[in-house]
């Protein structure tokens with residue numbers, strides 16, 4: 001029998017600093033922190049660790065241990081310790097998920113954490129902040145300005161954001177999500193003027209907006225999501241390439257400059273009424289080239305249109321309801337199948 005040749009040991013200390021840093025950057029956050037405790041080279045790498053996703057899970061905390069205050073305190077202390085020991089350089093991703101910490105976290109905490117790490121070079125920034133009426137955190141325009149040249153994805157929730165033209169051009173920003181953010185329609189319009197490469201936009205529960213205007217210079221915008229903005233009355237879509245539109249809320253006025261561009265539409269009227277009727281009477285005017293349609297409605301005062309428009313390109317139809325146990329879905333499916341000559345796949349429940 002030929003003796004097996006032992007595999008040569010990989011001596012990490014003989015690898016270059018750059019290679020070690022790259023290996024370290026691919027390790028999950030908790031394992032990267034452990035490695036930094038046993039290796040000086042990994043400790044140096046830890047101080048510029050690029051992927052900071054900071055939440056209960058990544059810090060290895062037990063969500064069922066102690067009171068809610070004690071759990072929030074542990075999470076806040078853990079995040080503070082990590083960011084206090086970070087050099088502030090090399091961060092590519094920062095995801096800060098601290099929604100349960102409203103009784104502990106302060107605006108000063110957030111400022112001290114964000115200021116050192118949001119710099120040129122960061123690619124993804126996602127802040128899920130506490131919902132706390134006593135905490136009125138204003139996300140600073142100067143923070144996003146410092147990352148303007150590199151930022152590609154920006155998600156913000158539970159704070160105020162008042163952008164102005166001092167932000168500069170966010171030329172690489174392609175994905176924006178605003179959830180429960182205090183921002184006016186004028187400020188949002190100012191923000192749009194800085195984000196000419198935007199491809200995906202979500203505006204969710206931003207109640208200060210009454211008129212959402214998507215300007216024509218957003219030439220690359222393809223996906224638009226608008227959810228539960230309580231005071232929103234009008235949506236006007238002038239961007240030329242929006243092909244997917246998802247809406248949740250009551251029926252409002254929606255206009256689009258080119259009705260042929262929309263291919264997929266979701267109209268979610270859960271807790272509201274009339275989405276089926278809206279689809280049969282109004283939707284064709286903004287989506288005449290529709291291929292996929294999903295409808296959710298809670299109540300219908302159903303009247304057939306005299307001469308409903310036909311959806312000649314519709315192939316996928318999803319219909320669901322909230323609280324309409326006796327509604328005749330077979331009839332609605334039959335009606336759409338008559339209006340959509342090429343309908344091949346349909347669903348209902």
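The values are calculated or read from the model by the stated rules, or taken from the named source; none is laboratory data. Predicted model, so just to flag it, every value in this text is computed and none were measured. Quick reminder, even Gly has a Cβ in these numbers, built from the backbone with ideal geometry, and neighbours come from all protein chains shown.
Structure summary
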item: Total residues in segment 25-35, condition without any contact (Cβ under 8 Å) to a residue 12 or more places away in the chain and either outside any helix (DSSP H, G or I) or more than 28 Å from the chain's Cα centre (by Cα) (or both); result: 4
item: Condition check for residue 269: within 30 Å of residue 335 (Cα to Cα), in contact with a helix residue (DSSP H, G or I) (Cβ under 7 Å, 6 or more places away or on another chain) and surrounded by 17 or more Cβ atoms within 10 Å (Cβ to Cβ); result: yes
item: Residue satisfying all of: in segment 85-106; out of contact with any helix residue (DSSP H, G or I) (no Cβ under 6 Å at 6 or more places or on another chain) and loosely packed, with under 14 Cβ neighbours inside 10 Å; nearest to residue 63 (Cα to Cα) among these; result: 85
item: Top-ranked residue in segment 86-119 [being in a helix (DSSP H, G or I) and touching a strand residue (DSSP E or B) at 6+ places or on another chain (Cβ under 9 Å); ranked as farthest from residue 160 (Cα to Cα)]; result: 117
item: Residues (in contact with a helix residue (DSSP H, G or I) (Cβ under 6 Å, 6 or more places away or on another chain) and over 23 Å from residue 250 (Cα atoms)) located in segment 175-214; result: 194
item: Every pair of residues 6+ apart whose Cβ atoms lie under 7 Å, when the first sits in segment 39-67 and is modelled with pLDDT under 90 while the second is assigned to a loop (DSSP other than H, G, I, E, B) and surrounded by 15 or more Cβ atoms within 10 Å (Cβ to Cβ); result: 47/86; 48/90; 63/56
item: Residue satisfying all of: in segment 129-158; in contact with a strand residue (DSSP E or B) (Cβ under 6 Å, 6 or more places away or on another chain) and farther than 16 Å from residue 112 by Cα; surrounded by the most Cβ atoms within 10 Å (Cβ to Cβ) among these; result: 154
item: Subset of segment 292-317 that is outside any loop (DSSP other than H, G, I, E, B) and over 23 Å from residue 243 (Cα atoms) - its residue that is modelled with the highest pLDDT; result: 298
item: Test: residue in segment 74-84 that is under 26 Å from residue 176 (Cβ atoms), crowded, with 19+ Cβ neighbours inside 10 Å and under 27 Å from the mean Cα position of the chain (by Cα); result: yes
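Every residue, every condition in (1) buried (at least 19 other Cβ atoms within 10 Å of the Cβ); (2) under 29 Å from residue 158 (Cβ atoms); (3) at pLDDT 95 or above, yes or no:
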position: 213; (1), (2), (3): no, yes, yes
position: 229; (1), (2), (3): yes, yes, yes
position: 261; (1), (2), (3): yes, no, no
position: 283; (1), (2), (3): yes, no, no
position: 290; (1), (2), (3): yes, no, no
